[in-house]
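Each remark here refers to the structure printed beneath this line.
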Amino acid sequence: MRLDVVTIFPEYLSPLKLSLLGKAQEEGLLEINIHDLRAHATDNHHSVDDTPYGGGAGMVMKAEVWGSALDPLLVNDVDLIILTPGGKRFNQRMAEQFSQCSQLVFACGRYEGIDDRIRQYYSQNKFADKGVRVHEVSIGDYVLGGGEVAAMVMIEAITRLLPGVLGNPESIIEESHMHEGFAEHPAFTKPQTWRDIAVPEILLSGNHAQIAAWRAQSAKDRAEKNF
Ligand code: ADE
C-alpha cells in the first residue's frame, strides 16, 4: 500500500517512522511519502491561505496550492481523504475498507479548511473514470488544530490491518468479530495476585468453554457500563 500525506507541517508526521510502521516501511510492505504543501506556494510570501469569500473569521487554504500538490498524486486508482471535522465519522469498518485500497492520499487542512473547489474538482467524472475517489473524513466530534493528527490516527488504524504489519495477526481476527460496540473482555497477566487483587478464578481453570463464556459476559457488562 502507498500512502501520501500532504501537510504544511511535515515534521508533525515523523512518528510514522517509528515502531511497527517504521518496520513495515523498511520491509517494503508499506510506502509512506510526506509532502510539504508550502513547496507548492507561488507568491513571495509562500502563502497557502487567504481570507474567506463572504467574510468571517479565519483563513481558507488556497485551491491553487492544493491543486498543484494533489495533481501529481491523483493519477489512477487512488482514494483522496480530506480530513475535516465535518466529514464522515471514521470507524473500524472504514479502516477495513481503506485497508483494501492501493493508494491513499491524506489532505491535512489547517485554519478554516480547504477551498471547497478542491473536493469538487477531484470529484468530477473525469477523475472518477480514472479511479480517483474523494472522501471527507472526521475522526470524531471535536475540532483539532488541523488534519495531521487525524491522518495519523487513520493511518495507524488502517495499516495495522495490512498483512504482515501487525505483530499478532490473531488479534485482528478477534477484532473483526466485534464491529458494533467493541466489546473487549478484561485481560490479566502474571502475577496471579497483585496488591490483594486476584485474577478471576475461572481464567485459571483451563476450561476453554467456560473461559469463553465468562469473557463474552464480561465484555458485554463492560460495554454496557461504558456506553
Ligand atoms: N480537522 C480538525 N478537526 C478534525 C477532526 N475531528 N477530524 C478530522 N480532521 C479534523
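The values are calculated or read from the model by the stated rules, or taken from the named source; none is laboratory data. Since the structure is predicted, the reported quantities are computational estimates derived from the model, not experimental observations. Ideal geometry is used to build each Cβ from the backbone, glycine not excepted, and the neighbour counts take in all protein chains shown. Protein only, heavy atoms only, side chains kept; ligands, DNA and RNA dropped before computing areas. Shrake-Rupley method; radii C 1.70, N 1.55, O 1.52, S 1.80 Å.
Structural remarks
- Some residue of region 122-134 being free of Cβ contacts under 8 Å to residues at least 60 places away in the same chain, within 16 Å of the ligand (Cβ to nearest atom) and under 30 Å from residue 14 (Cβ atoms): yes
- Note on region 64-83: among residues that are surrounded by 22 or more Cβ atoms within 10 Å (Cβ to Cβ) and within 16 Å of the ligand (Cβ to nearest atom), the one that is nearest to residue 146 (Cα to Cα) is 83.
- Qualifying residue in region 26-33 (condition: free of Cβ contacts under 8 Å to residues at least 24 places away in the same chain and either within 17 Å of the chain's Cα centre (by Cα) or exposed (fewer than 12 other Cβ atoms within 10 Å of the Cβ) (or both)): yes
- Output for region 82-106, where each listed residue is of a type in the set (A, V, I, L, M) and closer than 16 Å to residue 128 by Cβ: 82, 105
- Subset tally (residues that are outside any loop (DSSP other than H, G, I, E, B) and not polar (S, T, N, Q)) for region 20-48: 15
- Residues of region 200-220 classified as more than 16 Å from residue 190 (Cα to Cα) and in a loop (DSSP other than H, G, I, E, B), total: 1
- The requirement of being loosely packed, with under 12 Cβ neighbours inside 10 Å and either free of Cβ contacts under 8 Å to residues at least 40 places away in the same chain or among the aliphatic types (A, V, I, L, M) (or both) is not satisfied by residue 183.
- Condition met for residue 141 (out of contact with any Cys (no Cβ under 8 Å at 6 or more places or on another chain) and either more than 29 Å from residue 79 (Cβ to Cβ) or surrounded by 12 or more Cβ atoms within 10 Å (Cβ to Cβ) (or both)): no
- Listed by position, the helices (runs of 4 or more DSSP H) inside region 107-190 whose residues that are touching a helix residue (DSSP H, G or I) at 6+ places or on another chain (Cβ under 8 Å) number at least 3 are 117-122, 148-159.
- Meets criteria (closer than 18 Å to residue 154 by Cα and in the same structural domain as residue 79 (by the TED database)) for residue 37: no
- Restricting region 147-168 to residues that are buried (at least 18 other Cβ atoms within 10 Å of the Cβ) and under 24 Å from residue 59 (Cα atoms), the residue that is farthest from the ligand (Cβ to nearest atom): 152
Table: residues versus (1) under 19 Å from residue 32 (Cα atoms); (2) in the same structural domain as residue 34 (by the TED database); (3) hydrophobic (A, V, I, L, M, F, W, C).
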{"site": "74", "(1), (2), (3)": "yes, yes, yes"}
{"site": "84", "(1), (2), (3)": "no, yes, no"}
{"site": "87", "(1), (2), (3)": "no, yes, no"}
{"site": "99", "(1), (2), (3)": "yes, yes, no"}
{"site": "129", "(1), (2), (3)": "no, yes, no"}
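- Of all residues in region 42-57 being in contact (Cβ under 8 Å) with a residue 12 or more places away in the chain and touching a strand residue (DSSP E or B) at 6+ places or on another chain (Cβ under 9 Å), the one that is most open to solvent (accessible area, probe 1.4 Å): 50
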